[in-house]
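Structure first, then comments.
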Amino acid sequence: MIRVTGLSHRIGASTILHDLDLTLPRGKLVALIGPNGAGKSTLLRLIARLEPLQQGRIQIDGLDLATTPSARLALAMAVMGQQARIASRLRVGELVGFGRWPHHHGRPRAADHQAVDQALDAFGLTPLRHRFLDEISGGQAQRAHLAMTFAQGTDWLLLDEPLNNLDMAHARALMARLADLVRGSGRSVVTVIHEVNYAAAWADHVVAMKDGRIVAEGAPATVLTEPVLSALYDTPIEVARHDGRPLVLHHHRHDDLDAPCPGPATETRLALH
Amino acid sequence: MARSARPLIAALLALLAAVSLVWMVQGIGGGNRSFILQLRGTKLAGLVLVGAAVGTATVLFQTVAANRVLTPSIMGFDALYVLLQTALVAGLGMAGFAGLPAGAKFLAEVAAMSVLSAALFGTLLGRGARDIPRTILTGVILGVLFRSLSTFLARVMDPNAFAVVQSVSVASFGSIDAALLPMAGLIMAACLGVAMRLSARLDVLALGRDAALSLGLPFDRLVLATLGLVGMLVAVSTALVGPVAFFGLLVAGLAHRLSPSSRHEVLLPVAGLIGALFLVAGQTLFERLMGQTGTLSVVVEFAGGLFFLFLLLKGRIR
């Protein structure tokens, strides 16, 4: 498990994280939710050692972040940050191949090639493996980066807003893929998610953050409730249920519900059905 | 080495050998062959060294900067070289400057330039600043400072001494000091050896900071080591022939275009070979075929400048 104790982080004069204590369970799909500027990404980047630790302590399966060599941590967790442009011109297969670096340090073996093939296959990238990254769509590039993270073969996957560039179909497929990883291969996933319904539909554990503090955490049914979400986002939010899971109706205002639909009502109704 | 790159490297090597052969034996007369061959051999070695140093230094620098438009000279190395020369002439006078032992002066120059890169980037990166754009901006500003200082020194200097300064502060591929070559060769070989050893790690570095850190690469240390190498390589080439601003850009751009792989294991030798080939072929052309009517450094800078504009206009700045 990931254990965070007394974690504070400051950037300049502003405090991003206030003395956080948090335990993220193993073998679960954990979603970090919260409004913009809540500190979700900062927390994830600190756990991923992409930012230097200022105050507090982070342990991953007993490995202390401050004392464990970075190369050893790369065998325990894989991280996908928000995508930056890559200066070198790489093929999809090459990028995914870099995911095996922590295992071979420049001398790939048969097992590494096999892991890359598996990752490409798992993310439907095998037909694209010889294409250059700048010749494929943003969503495909996103999948390539995910496949690289997956190929690293670590127990923990940390993802910073992986749904960013994906359309509905690919977003759902990705969440299903992550859920499979957790349920099928026993991996642990921690992901920052903006769209709470993906958390509602797929997560096992939800951590809600606001202003650098944990507001609520637990199973989706206990965190994704009207009072918690309304307070979290400072706006009234209605929560329904669908297939036994919460369904967050955040896209309209409750008091507009009774207002008539604009345009020919019958056609609109038809289109909705 | 990647198999797909072998034909390219073999072709570049063959071309370089052919051009070098032309350089060595073209128009060699009956009298005093050994003297001519020795003179030409010295020049050839110098050109190959400088071309390879500039090419590899630019590729290394562009990887660290994650930018294909910058060259090490933008960090103010050429300006420091000119300042160094100006200060020496101003401090020692013309006679004193000419009387300096070439070897000691060269070592001092390499040391000064390497110390600059270590000090500049060491302090910038040591404080946990992983901000490459800020580092580069600092370099540009230092370059301006060095240039202003040399302009100031040149203003207060006597006109004859200023003429000496001008002669050393413009790139000249025609006058390479033979005494410097063995030392320059040794330093170069060591730098290239280290760069090749680091090549797999540089591939990971090129993925960007987040990806590299997440794969367990000691990012900051590798950036520092690479910049140190760049500093030494640029120092060697600058001390041998003087500042060349756009040549590296041209060579690195071609290397990236021609190389079948973006692995540094391939890129570095390709860039080194292209740089050497460029200089030897260019010097042969200008010295032999055109009878010294042109100056290679001017043409190289012109072509490099055009390439720079091309990159700017095509929006290739990243």
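Points worth noting:
- Between A and B, accessible area buried - total, square angstrom, nearest 100, 1.4 angstrom probe: 2000
- Accessible area per residue for the protein assembly as shown is 45 Å², calculated with a 1.4 Å probe on protein heavy atoms, without ligands, DNA or RNA.
- Within the accessible area of chain A (1.4 Å probe), percent carbon and sulfur: 52
- Across the range B:16-21, rounded Karplus estimates of 3J(HN,Hα) from the backbone phi angles (6.51 cos²θ - 1.76 cosθ + 1.60, θ = phi - 60°) give 4, 5, 4, 5, 4, 4 Hz, Gly and Pro being marked x.
- Sorting A:Trp101, A:Trp202 by solvent-accessible area of protein heavy atoms yields A:Trp202, A:Trp101, largest first, with a 1.4 Å probe.
- GNM top mover of B:Pro269, B:Pro101, B:Pro218 - chain B, alpha-carbon springs below 10 Å: B:Pro101
- Between the range B:228-261 and the range A:143-191, the alpha-carbon center distance in angstrom: 41
- Note on the protein assembly as shown: dipole from Cβ charges, positive end direction compared against A:Val192, B:Leu8, B:Thr58; the farthest Cα belongs to B:Leu8.
- Remark: mean inter-chain Cβ contacts per residue of A:103-112 equal 2, using a 10 Å Cβ-Cβ cutoff to other protein chain atoms.
- To the nearest 10, the accessible area of B:Ser4 is 70 Å² with a 1.4 Å probe.
- Peptide B:64-75 has a mean of 1 when you count, residue by residue, the C-beta atoms of other protein chains within 10 Å of its C-beta.
- A:Lys28 - accessible surface, heavy atoms, 1.4 Å probe, Å² rounded to 10: 80
- Karplus-derived HN-Hα couplings along the range B:177-194 (A = 6.51, B = -1.76, C = 1.60, θ = phi - 60°), whole Hz, x at Gly and Pro: 6, 5, 5, 7, 4, x, 5, 4, x, 4, 4, 4, 4, 4, 4, 5, x, 5
- Spacing of the modelled spin labels on B:Ala163 and A:Thr225, each 7 Å from Cα toward Cβ, amounts to 9.2 nm.
- In range of the label at A:Asp61: residues from the range A:135-155 whose backbone nitrogen is under 16 Å from the point 7 Å along Cα→Cβ: A:150-155
- Label-to-label distance, B:Met94 versus B:Leu309, with points set 7 angstrom from Cα along the beta-carbon direction: 3.8 nm.
- Accessible heavy-atom area order of A:Leu63, B:Leu268, highest first, probe of 1.4 Å: A:Leu63, B:Leu268
- Projecting the Cα atoms of B:Leu254, B:Gly228, B:Ile141 onto the charge dipole of chain B (Cβ charges, centred on the Cα centre) puts B:Leu254 farthest toward the positive pole.
- Between the range A:52-102 and the range A:214-245, the C-alpha centres lie 32 angstrom from each other.
- R0 of 51 Å, Cβ-Cβ distance A:Arg72-B:Ser175: FRET efficiency to nearest 0.05: 0.40
- Computed from label points 7 Å out along Cα-Cβ, the spacing between B:Met290 and B:Val25 is 2.6 nm.
- Candidates A:Gly106, A:Ala13, A:Ala119 compared by Cα position along the dipole of chain A: farthest toward the positive end lies A:Gly106, with charges placed on Cβ.
- Ordering A:Leu29, B:Leu198 by accessible surface, largest first, gives B:Leu198, A:Leu29; the 1.4 Å probe counts only protein heavy atoms, with every chain in place.
- The chymotrypsin sites (Phe, Trp or Tyr not before Pro) of the range B:36-83 include none that DSSP puts in a loop with a beta carbon having at most 16 other beta carbons within 10 Å.
- Table column - 3J(HN,Hα) (Hz), the range B:77-87, Karplus curve with 6.51, -1.76, 1.60, x for Gly and Pro: 5, 4, 5, 5, 4, 5, 4, 4, 5, 4, 5
- Computed over chain A with a Gaussian network model linking Cα atoms closer than 10 Å, the most mobile of A:Arg187, A:Arg253, A:Arg45 is A:Arg253.
- Ignoring aspartates and glutamates fewer than eight residues from A:Lys40 along the same chain, the ones with Cα atoms less than 20 angstrom from its Cα are A:Asp19, A:Asp21, A:Glu51, A:Asp160, A:Glu161, A:Glu195, A:Asp204, A:Asp211, A:Glu217, A:Asp234, B:Asp210.
The values are calculated or read from the model by the stated rules, or taken from the named source; none is laboratory data. Only a predicted model underlies this, so the values are computations on that prediction, with no experimental measurement involved. For neighbour counting, all protein chains shown are included, and Cβ atoms are generated from backbone atoms with ideal geometry for every residue, glycine included. The protein model used for the area step is the full one, side chains on, heavy atoms only, and it has no ligands, DNA or RNA in it. Shrake-Rupley method; radii C 1.70, N 1.55, O 1.52, S 1.80 Å.
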